[in-house]
Amino acid sequence: MHPVITVTELAALPKGSSGGATLLDVRYQLGGPPGRPAYEAGHLPGAHYVDLETELAGAPGTAGRHPLPDLAVFTAAMRRAGVGPDRDVVVYDGHLGWGAARAWWLLRWAGHERVRVLDGGLAAWTAAGLPLETDVPPDENGEFTPAPGALAVLTADDAAALARRGVLLDARAPERYRGETEPIDSVAGHIPGAVNAPTTENVDPGTGVFLAPDELAKRFGAVGATPGAEVGVYCGSGVSGAHEVLALAIAGIPAALYVGSWSEWSRAGRDVATGPQPG
């Protein structure tokens with residue numbers, strides 16, 4: 001299944017519990033307010049809200065700001081939203097696509113293959129003149145059963161080793177990669193050997209729609225990430241990095257995610273590099 005779906009394609013799909021697509025609203029903004037009030041003010045018809053901070057991530061700690069969620073909590077959230085083995089899932093958010101990508105990645109990691117991200121998110125839906133609703137659908141009783149491990153996950157040691165033998169992409173802003181500023185974590189810089197490929201450059205800046213597969217392949221190929229390479233991704237806390245893994249998937253390049261990312265690495269006293277990447 002292609003990892004993204006257009007507004008036109010989604011509008012043509014049946015919705016709801018009678019065999020149609022399950023819609024998940026995962027509105028999230030780093031440092032911003034919770035997404036639930038915005039969801040209640042207007043969402044795609046039939047969409048269930050899923051909270052990234054509490055249902056798609058565990059509690060912040062030594063494993064980072066957004067570690068893997070407790071599997072029971074994640075499973076309960078997916079079942080409440082009606083996710084099941086025979087249901088297509090479409091996830092969207094209202095900002096940069098990062099929250100939707102985190103949900104996509106978690107579902108794929110947990111073995112659910114029938115999941116796509118709405119390209120352009122809520123903005124693309126409303127720009128097409130399609131309706132929103134304020135009614136909150138009742139909880140469902142999906143038959144989602146996770147089978148973790150379907151997508152590769154990196155530990156800190158794995159990430160360090162991959163940076164030496166393969167391609168480790170740092171998906172953060174260039175100034176954070178270079179160590180010129182660090183607005184969130186306690187240490188500035190990057191994992192030694194990593195190369196910078198900012199998540200924000202995966203999409204058209206005006207619409208938030210992903211670049212075409214060949215454009216993404218060219219972008220990633222310029223930093224050594226090709227279909228034949230061993231590729232890993234990290235970011236600040238494993239959210240925008242999931243968006244990078246999604247963009248790589250669109251380009252036909254499998255990649256592993258270091259979920260703990262810089263928020264774990266920088267707390268552990270590991271080696272830190274600064275400055276621009278070579279070449």
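Those residues that are in a helix (DSSP H, G or I) and loosely packed, with under 15 Cβ neighbours inside 10 Å, I need them from segment 143-170; list them, please.
Restricting attention to segment 143-170, the residues satisfying the condition of being in a helix (DSSP H, G or I) are 156-165.
Residues satisfying the conditions are 157, 164, 165.
On the given criteria, is residue 93 within 26 Å of residue 14 (Cα to Cα), among the acidic types (Asp, Glu) and out of contact with any helix residue (DSSP H, G or I) (no Cβ under 8 Å at 6 or more places or on another chain)?
no
If I filter segment 89-107 for residues that are modelled with pLDDT of 95 or more, in contact with a Gly (Cβ under 8 Å, 6 or more places away or on another chain) and exposed (fewer than 14 other Cβ atoms within 10 Å of the Cβ), do I get at least one hit?
No, segment 89-107 contains no residue that is modelled with pLDDT of 95 or more, in contact with a Gly (Cβ under 8 Å, 6 or more places away or on another chain) and exposed (fewer than 14 other Cβ atoms within 10 Å of the Cβ).
When you check residue 135 against the structure, is it over 23 Å from residue 235 (Cβ atoms), out of contact with any strand residue (DSSP E or B) (no Cβ under 8 Å at 6 or more places or on another chain) and either among the β-branched types (Val, Ile, Thr) or outside the structural domain of residue 57 (by TED's automatic domain parsing) (or both), yes or no?
yes
Just to be sure before I move on: is residue 236 surrounded by 21 or more Cβ atoms within 10 Å (Cβ to Cβ) and part of a loop (DSSP other than H, G, I, E, B) in the structure I sent?
yes
Please list, ordered by first then second residue, the pairs with beta carbon atoms under 8 Å, 6 or more apart or interchain, first in segment 178-196 and hydroxyl-bearing (Ser, Thr, Tyr), second surrounded by fewer than 19 Cβ atoms within 10 Å (Cβ to Cβ).
Note: pairs meeting the criteria are 181/175; 181/188; 186/267.
Could you please let me know if residue 225 is crowded, with 19+ Cβ neighbours inside 10 Å and more than 24 Å from residue 104 (Cα to Cα)?
no
For segment 174-210, which residues satisfy the criterion of being over 16 Å from the mean Cα position of the chain (by Cα), assigned to a loop (DSSP other than H, G, I, E, B) and aliphatic (A, V, I, L, M)?
Residues satisfying the conditions are 184, 187, 188, 191, 194.
Which numbered condition trips up residue 231, out of (1) among the hydrophobic types (A, V, I, L, M, F, W, C); (2) buried (at least 24 other Cβ atoms within 10 Å of the Cβ); (3) free of Cβ contacts under 8 Å to residues at least 24 places away in the same chain?
(3)
Which pairs do you get when a residue that is in contact (Cβ under 8 Å) with a residue 40 or more places away in the chain, found in segment 148-177, comes within reach of a residue that is assigned to a helix (DSSP H, G or I) and of a type in the set (S, T, N, Q), reach meaning Cβ atoms under 7 angstrom, with the pair 6+ apart or on two chains?
As it stands, the answer is 171/199; 171/240, since those pairs meet every condition given.
The values are calculated or read from the model by the stated rules, or taken from the named source; none is laboratory data. Just so it is clear, the model here is predicted, and its values are computed rather than measured. Every residue, glycine as well, gets a Cβ built from its backbone with ideal geometry; the counts of neighbours run over all protein chains shown.
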